[in-house]
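Notes to accompany the following structure.
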Amino acid sequence: MFAFLLAVALLAQVNPIELKQKAVSHKINSAKANKVRAKPKAKPNSPKKPAPAVAKPTLSLDALLNKALNESESEPEPLRIVVDAGHGGADSGAVGRSGLKEKDITLAVAKEVKQVVKKRLPKAKIFLTREDDKTLSLASRADFANHMKADLFISIHVNSSENRKAQGVETYYLNISHDRYALRLAARENAMTETETSHLEYILADLAMKSSVTDSVRLGRMVQNALCGNLMRKYRGVKDLGLKHAMFYVLMGAKMPAVLVETSFISNRMEEKRLKQHQYQRALAEGIVNGIQLYSEQHMAMR
Ligand SMILES: [Zn+2]
C-alpha cells in the first residue's frame, strides 16, 4: 500500500509538468494535423479551381497563341447602362417660358435613349431610374445604378439660365469646382444653395481615390463629342460648350463612370422650341448612344 502511495506521490510531483508538456504538444500536433487534413477536405468544395502556375511544356507556341486568342474572343459580359431622367413628380426642374418642364423632356429623352440602345446595342442591358412622372431623391438614383451593377450611369437634364441668349450642350463629370457658373448650375440641380453645394467638397475630399474619375472623363468626352456631332449634322447653330466638372450630388454616390448631360437650354427660345420636338429628342438620344457605343467599344477592349 505504502509503495503504491509513494508511487502516486512521485507521479504527482513529476508528472504535472510532463503531462502539461504532453498536452500542449498534443494540441499543436493535432492543430497541425487538422490543418494538413483540412486542406484536402476543403478542396472539393472550393468554387475556384487554382490556376495552373506554369503552362504545360507540352503545348507548342502555336497552340499557346491559339489558346490566348480563343480566350480573348470569349463573349464579354453585356454592357449594363442606367439612364436617369432628371427630376420628376413634385420636382419639375427648370421651366421654360412656354411652360415646358424639364422633368418631361428628361423622361422623353431617357425613353428615346432606351429605344435606341435596344435597337443599336441589342446585347446591352438598359434600365431607367424612372419610367413615369414620379418623385425620386438624388441619392436613390445613384443607389439604383449601384444596385443594378451598372457599367455606366448617365443623368439627363435640361439647362436654364437667366441669360436668355445662353444656349448649347454640355456634359459634366463629378469633381470639385470653384467655377461660379458650374457652382450655380450644380446648386440648382442639387436643389441646394451655392454655399451648401460648395460644402460638398469636404465630402469629395477622397474623390481622387475614386478610380472611376478617369473613366467618367473618358465617358463624358465621348458622349459630349458624339452628341454635339449628331446635333450639328441635323441642326444649325448648335453650340458645343464642352466637357466640364461640377459638384453634382446625383453623381456622388455612383460607383461606376457617371456623367450628367445638360442637353440644351429651356430658357433659350430656339432651344426650348427644339426640346419640344420628338425629332430633336431622338437626335439627342442618338448622340448620347453614339457616345455610349464608342465608350463601350473601348471599355470592352480594355476588359
Ligand atoms: Zn436638371
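Derivation of every value follows stated rules applied to the coordinates shown; laboratory data play no part. Since we're looking at a predicted model, the values are computed, not measured. Quick reminder, even Gly has a Cβ in these numbers, built from the backbone with ideal geometry, and neighbours come from all protein chains shown.
Could you please report the charge total around residue 242, scoring K, R as +1 and D, E as -1 over all other residues with beta-carbon less than 13 angstrom from its beta-carbon? Could the numbers behind the result be given before it?
Numbers: positive: 221, 239, 244; negative: 170, 179, 240, 262.
Once positives and negatives cancel, what remains is -1.
Given a cut-off of 25 Å, name the pairs among 123/273; 234/276; 119/165; 103/239; 119/244; 111/165 whose C-alpha atoms lie farther apart than that in the structure shown.
Details: 123/273 35 Å; 234/276 16 Å; 119/165 36 Å; 103/239 22 Å; 119/244 30 Å; 111/165 28 Å.
Cα-Cα > 25 Å for 123/273; 119/165; 119/244; 111/165; rest within.
Which residues' amide hydrogens lie under 5 Å from the amide hydrogen of residue 175, considering only partners 5 or more residues apart or on another chain, with H built in the peptide plane?
Amide H neighbours of residue 175: 246, 247, 248.
Applying the Karplus parametrisation 6.51 cos²θ - 1.76 cosθ + 1.60 with θ = phi - 60° to the phi angles of region 187-192, what ³J(HN,Hα) value in whole Hz is obtained for each residue in order, glycine and proline being reported as x?
4, 5, 5, 7, 6, 10
What full-extension length gain, to one decimal in nm, is calculated for residue 146 and residue 123 as 0.36 nm per residue of separation minus the Cα-Cα distance?
Details: separation 23, 0.36 × 23 = 8.28 nm, distance 1.99 nm.
The span from residue 146 to residue 123 would gain 6.3 nm if fully extended.
Is the shape of region 80-302 rounded, prolate or oblate, going by the alpha carbon gyration tensor and its root eigenvalues a ≥ b ≥ c, with a/c under 1.5 for rounded and a/b larger than b/c for prolate? Numbers along the way, then the final one.
Values: a/c = 1.35, a/b = 1.04, b/c = 1.30.
Rounded shape, in that the Cα axes give a/c under 1.5.
For the pair residue 77 and residue 270, what calculated FRET efficiency results from E = 1/(1 + (r/R0)^6), where r is the Cβ-Cβ distance and R0 = 41 Å, to the nearest 0.05? Before the final figure, lay out the partial values.
Working: r = 42 Å, r/R0 = 1.03.
Between residue 270 and residue 77 the formula returns 0.45.
Assuming a ≥ b ≥ c are the square roots of the Cα gyration tensor eigenvalues, decide whether region 99-148 counts as rounded (a/c under 1.5), prolate (otherwise, with a/b larger than b/c) or oblate. Spell out each step's value before the answer.
Values: a/c = 3.30, a/b = 1.20, b/c = 2.76.
It comes out oblate by the Cα gyration axes.
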